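**Student:** Below you will find the structure I want to go over with you.
A short reminder: the numbers here are calculations on the coordinates, not readings from a lab. What you see is a predicted model; the values in this text were computed from it and never measured. Every residue, glycine among them, receives a Cβ derived from its backbone with ideal geometry; neighbour counts consider all protein chains shown.
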Amino acid sequence: MASPSLVIEHAPDVASAVETLRTQHIDLALVSAAVQPGEGPLKLAQLCAASPTTLVLPIHVPGAERTANERPPSDLNHPEGTDPMHTNSPVLAQDTHGDACRNDAALFRDTLEALTYPFYVVNVDDYTLAAANPAAVGTHSLVPGDGLTCYRVSHRREAPCSGKHHPCPLQEVTASGEPVTVEHVHYAANGVAQRVEVHGYPIFDEDGTLVQMIEYTWDITDRRKAEEALRRERDLVAQLMETSPVSITMVNREGEITFANARAEDVLGLSKAEITTRTYNAPDWRITDVERGPIDESDLPFRRVMSTKQPVYGVRHAIEWPDGRQRILAINGAPLLDPSGEVERVVFAIDDITDRVRAEQERIEQIENELRRLDELAALPGTAISARAFGMQPLHEALPHVFETLVASYALLLDEALDRQAYRLTETDVDNVRGLAERLGALGATPRDVVDVHVAGLRGRSQQTNPIKAKAYATEGRLVALRLMGELVSYYRKRCVTLTPRTGASRRESASDEGPVHYE
């Protein structure tokens, strides 16, 4: 069987190259990297479409850094001088019988040397290299007939590649007659191991017999490291989400729940499989507000995140379990954006606060009962604890400047309560509430004064924010006001003796006292 030879054809422009590819059997098309900005992908696409079985490779040619814009318009599609490698034009290698001219051989050699990645032509019979570039052979010298093999150069071994982790591309091409891509570990010229992607393309003689294989490799070491790091990171995130003591769900932009961890089963009362068949607002959830009233769709956490592209914290609403029990949820949500900046998914952390809310409600009822007993005590003959019984002026009338400082302090308590709820912080403002209660008690404040402080503080904060946050202030403020009244009750109970009647003037005197008001 005659050995194949390599014939080089130079196409002066892309149109000529496309015509040649369509009418002749071409094994390899090399395209110079010196193209006008934006033309490279189009040129490659045209050549690939003209002959899908042809291997089309981009190359960088030394001296070709001059772009098409730097040459006269009349030379854009023609060789510079006599060297066709100084053009933008494709070089076509055809597998035929016959003698290759000396210029074509030199052109092919220069072309291979221009490739920055390893490139071989491997003989099928014995794995020897018929051609290779410096990036492939490294410190080896390729001399015709010296028996240098592909596996010796790339793997430093004396036998062809084999096995699951290093399948031989030549054997794969021989078996299928089709191009193949495999992944190997090769050794670079400096001895460093690299993860590479090996591409093999068959070369047939005129009888259709596979005689050689074109092989080139891409170093994918960094890509594989990045993929492995990303995989480990994803595995870690998945493990953290699955084992988190907090219920975590994920909802796509269509509102479908796509993920739920083990804890979500306990909080939502369904299995993970059942949860991920529902949408965020499915009727089966029977969503209401905390008081079992209707809740507007726009107030649901998912809708708020989708409309604002911002996180939400501490959103409360209730759902109903399949057994009919109501569970009250506190929900934090954060958006995950796609490359265009649109919300792709939303991750939610959901806490079942049913027991906490019930405890708060019990505490509210307890405080309200204590306040009622206080009013009853104030109404008894001879008892002067209630300032109202003495016709005392309200604080905002008797001491307007002091009242303003009390309102400012109360507004800070509202901020702290909102932050505590949003970020699920532990209660740290007990001393602050108690301190404000003692200041009110020293002034002989009544429950009416506490209400006035609450209304003024709430009004000030609500006017400075959006409706959603204003509603949150109102919800948390109710609890703060009741706690403040409870502390005021405790303050008076510890000093449960008859209060000396005071006028507005006496209140002004007590406001300047160093210590608490004196009782008789």
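**Student:** Which length gain, in nm to one decimal place, applies between Asp323 and Ala193 when the Cα-Cα distance is subtracted from 0.36 nm times their residue separation?
**Tutor:** Additional length available on full extension: 40.7 nm.
**Student:** Testing the spin-label approximation: label points 7 Å from Cα along Cα→Cβ at Thr277 and Glu183. State their distance in nm.
**Tutor:** For the pair Thr277/Glu183, the computed spacing is 3.7 nm.
**Student:** Please say if the stretch 120-221 is rounded, prolate or oblate, where rounded means a/c under 1.5 for a ≥ b ≥ c the square roots of the C-alpha gyration tensor eigenvalues, and otherwise the choice is prolate for a/b larger than b/c and oblate otherwise?
**Tutor:** oblate
**Student:** Run the quick spin-label model on Glu342 and Asp110: label points 7 Å from Cα toward the beta carbon, then report their separation in nm to one decimal.
**Tutor:** That separation, rounded to one decimal, is 5.0 nm.
**Student:** OK, next. Taking 0.36 nm per intervening residue step and subtracting the Cα-Cα distance, what contour gain separates Glu360 from Arg286 on full extension?
**Tutor:** Additional length available on full extension: 24.3 nm.
**Student:** Okay, moving on. Would you mind computing, in nm to one decimal, how far apart the modelled labels at Arg232 and Ile468 are, each placed 7 Å from Cα along Cα→Cβ?
**Tutor:** Roughly 3.8 nm, to one decimal.
**Student:** Net charge near Val196, counting Lys/Arg +1 and Asp/Glu -1 over other residues with Cβ under 9 Å of its Cβ?
**Tutor:** Charge balance near Val196 sits at -2.
**Student:** Would you kindly state how much longer the chain becomes between Asp431 and Thr23 on full extension, computed as 0.36 nm times their sequence separation minus their alpha carbon distance, in nm to one decimal? Intermediate results must be reported in sequence, preceding the final value.
**Tutor:** Numbers: separation 408, 0.36 × 408 = 146.88 nm, distance 9.02 nm.
Fully extending the segment from Asp431 to Thr23 adds 137.9 nm.
**Student:** With r defined as the distance between the Cβ atoms of Arg478 and Lys225 and R0 fixed at 60 Å, what FRET efficiency is calculated, to the nearest 0.05?
**Tutor:** On the way: r = 56 Å, r/R0 = 0.93.
That gives a FRET efficiency of 0.60.
**Student:** Check cross-link reach from Lys471 to the lysines: straight Cα distance under 25 Å, and skip same-chain residues fewer than eight apart.
**Tutor:** Lys471 reaches Lys309.
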